[in-house]
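Engineer: Have a look at this one.
The values are calculated or read from the model by the stated rules, or taken from the named source; none is laboratory data. These figures come from a predicted structure and were not determined experimentally. Using ideal geometry, Cβ is built from the backbone for each residue, glycine included, and neighbour counts are taken over all protein chains shown. Ligands, DNA and RNA are stripped out before the accessible areas are found, and what is left, the full protein with its side chains, is counted by its heavy atoms. Shrake-Rupley method; radii C 1.70, N 1.55, O 1.52, S 1.80 Å.
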Amino acid sequence: MSGISGVDSPSNSSSPRMHIQVALAHAQRDELLRQRWRRLNDARPWHVHSLRVPGQYTTGHYRCWVDSSEIGDIAVSEQYGDAVEGVIGMKRATERRTVVHIMHSGGLSLTEAGRTVQVPPGTMCVRDAQVPREFSYRPGTRARVLLLPSETLTGTGLDQLPTLTVISQKAPEARLLLGQLHLIRRMRGELSPAGVHAAQQSVVQLLTGALMSRGVSADPAFRPSLRTAARNCVEARLLDPHLSPAEVARTLSVSVRTLHRAFAEVDESLMAYVRRRRLERAREELVALGGRYTVSAVAARWHFADVSHFSRAFKRQFGETPSSLVH
C-alpha cells in the first residue's frame, strides 16, 4: 500500500473533493503530507511553511479531505482531518490575503510571539495570512476556510484590517454570513457571472459587518480590534442619550473592564472619544446650518449638560467659541 493517496470526487460533483492519506509509520510521512497539500493548493497562494503530524501519532494513517470551490475571488474549502501542526504565514506574498476559519468540530490553536489563541467549535477566526504563526489542529477538526484578497475588505467601512479576531458564530452578523455561504454553496452551479460577483460582494459585506460589530475578544492580542469595534459602535449611536461604556460593552459582548483595558493602551479613552466626536459633529452642524439653530439647541442635541459646559469644551477642542460660528 502506498504511503499517500489522493482521491477525487466523482465527475458529477459540483466541486473537487480531495482525500489525503498518509501512513503514520512511513519514514518520510511529513514530506509526503507536504507534497500532497502543495498539489492540492497549486492554483492558490500557499501560506503553510511547515506541516507535520504530531509525534505521538505513530500507527495507522493520517487522513483528511478537502472539498474546494470558489466564489469569485474567494477560495472556499470544506476541510476535515486528523491532528496536524506547523507554521503558517505568507510574508513574501505580493498580495495580502485574509483567512477565515469557521470551526465546526475539533479545534484550532494559533500562537504568535508566545501568545496562544484557541479557536474552538462555534467560533470563527479572521486573520491576516501574512503574519507567521504556529498552528495546531485537534483530531477530528472540521472547518470551512475562506481565503480572500485583503483589498476586498478595504473600502467597505472597515478602517483596520484584522490581524487576528475571533467571533462567536451565534452573533447575528455571523449567522447571516454562515447562512449566505450555505445558500451560495447550494446554488453556485446556477449562478451567472453577475450572480457570482454579487455573491462575492455579499460575503465580503457580511464578513465586514461581523468584524465591525462583533469582532472582539478579551485577549490582549485583540485589543486593537476591540477599539475599532467600540468606535464603530459609538459612531452609530452618537445621538443616543444612553450611550456609555456599559452600553458599548454590552453591545460588543465584553466586560466594561475589558473595554477600559483596551483603551488604556491609547491616549484617548472611550468617553473622551465620544466627547470629541460629539463636539466635531456639533461644529459641523453649527457651520452647515448658518445660525438656524441656537448654540443651546445644538448643545442639547449632542447631550451636553448646559451651554456653558458645551462652550468651554468647544473652545478647548477648536480654539474658538461656538457662538462665533452662528453670527
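Engineer: Of all residues in the range 162-201, which are of a type in the set (Ser, Thr, Tyr) and open to solvent by less than 30 Å² (accessible area, probe 1.4 Å)?
Structural biologist: Correct list: Thr165 only.
Engineer: Output the residues belonging to the range 132-159 that are outside any strand (DSSP E or B) and among the hydrophobic types (A, V, I, L, M, F, W, C).
Structural biologist: Hits for the range 132-159 are Leu153, Leu158.
Engineer: Here's another thing I want to ask about it. Could you grab me the full set of residues in the range 241-298 that are among the small types (Gly, Ala, Ser) and under 31 Å from the mean Cα position of the chain (by Cα)?
Structural biologist: Our first condition is that a residue be among the small types (Gly, Ala, Ser); within the range 241-298, this holds for 244, 246, 249, 253, 255, 262, 264, 269, 272, 282, 288, 290-291, 296-297.
Within the range 241-298, Ser244, Ala246, Ala249, Ser253, Ser255, Ala262, Ala264, Ser269, Ala272 qualify.
Engineer: Would you say Arg223 is in contact with a helix residue (DSSP H, G or I) (Cβ under 9 Å, 6 or more places away or on another chain), open to solvent by 30 Å² or more (accessible area, probe 1.4 Å) and at pLDDT below 90?
Structural biologist: Answer is yes for this residue.
Engineer: Looking only at residues that are touching a residue at least 60 places away in the same chain (Cβ under 8 Å) and assigned to a strand (DSSP E or B) in the range 104-131, which one is surrounded by the most Cβ atoms within 10 Å (Cβ to Cβ)?
Structural biologist: At the first step, the residues of the range 104-131 found to be touching a residue at least 60 places away in the same chain (Cβ under 8 Å) are 112, 115, 117, 124, 126, 129.
After this cut, where a residue has to be assigned to a strand (DSSP E or B) as well, the list is 112, 115, 117, 124, 126.
Numbers: Glu112: 17, Arg115: 12, Val117: 19, Met124: 25, Val126: 23.
Looking at residues that are touching a residue at least 60 places away in the same chain (Cβ under 8 Å) and assigned to a strand (DSSP E or B), I get Met124.
Engineer: OK, next. Residues in the range 235-268 that are open to solvent by 60 Å² or more (accessible area, probe 1.4 Å), outside any loop (DSSP other than H, G, I, E, B) and free of Cβ contacts under 8 Å to residues at least 24 places away in the same chain: how many?
Structural biologist: Residues meeting the conditions: 5.
Engineer: If we scan the range 304-323, do we find a residue that is under 30 Å from Glu173 (Cα atoms) and modelled with pLDDT of 90 or more? Break it down stepwise before answering.
Structural biologist: Keep residues of the range 304-323 that are under 30 Å from Glu173 (Cα atoms), which gives none.
The answer is no; no qualifying residue exists.
Engineer: Go through the range 280-322 and give me each residue that's open to solvent by 50 Å² or more (accessible area, probe 1.4 Å), farther than 21 Å from Asp240 by Cα, without any contact (Cβ under 8 Å) to a residue 40 or more places away in the chain and part of a helix (DSSP H, G or I).
Structural biologist: The answer is Val287, Ala288, Ser308, Arg312, Lys315, Arg316, Phe318.
Residue-by-condition table, conditions (1) modelled with pLDDT under 90; (2) open to solvent by 80 Å² or more (accessible area, probe 1.4 Å); (3) under 28 Å from Arg186 (Cβ atoms); (4) hydrophobic (A, V, I, L, M, F, W, C):
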| site | (1), (2), (3), (4) |
| --- | --- |
| Gly3 | yes, no, no, no |
| His26 | no, no, no, no |
| Leu32 | yes, no, no, yes |
| Asn41 | yes, no, yes, no |
| Val66 | yes, no, yes, yes |
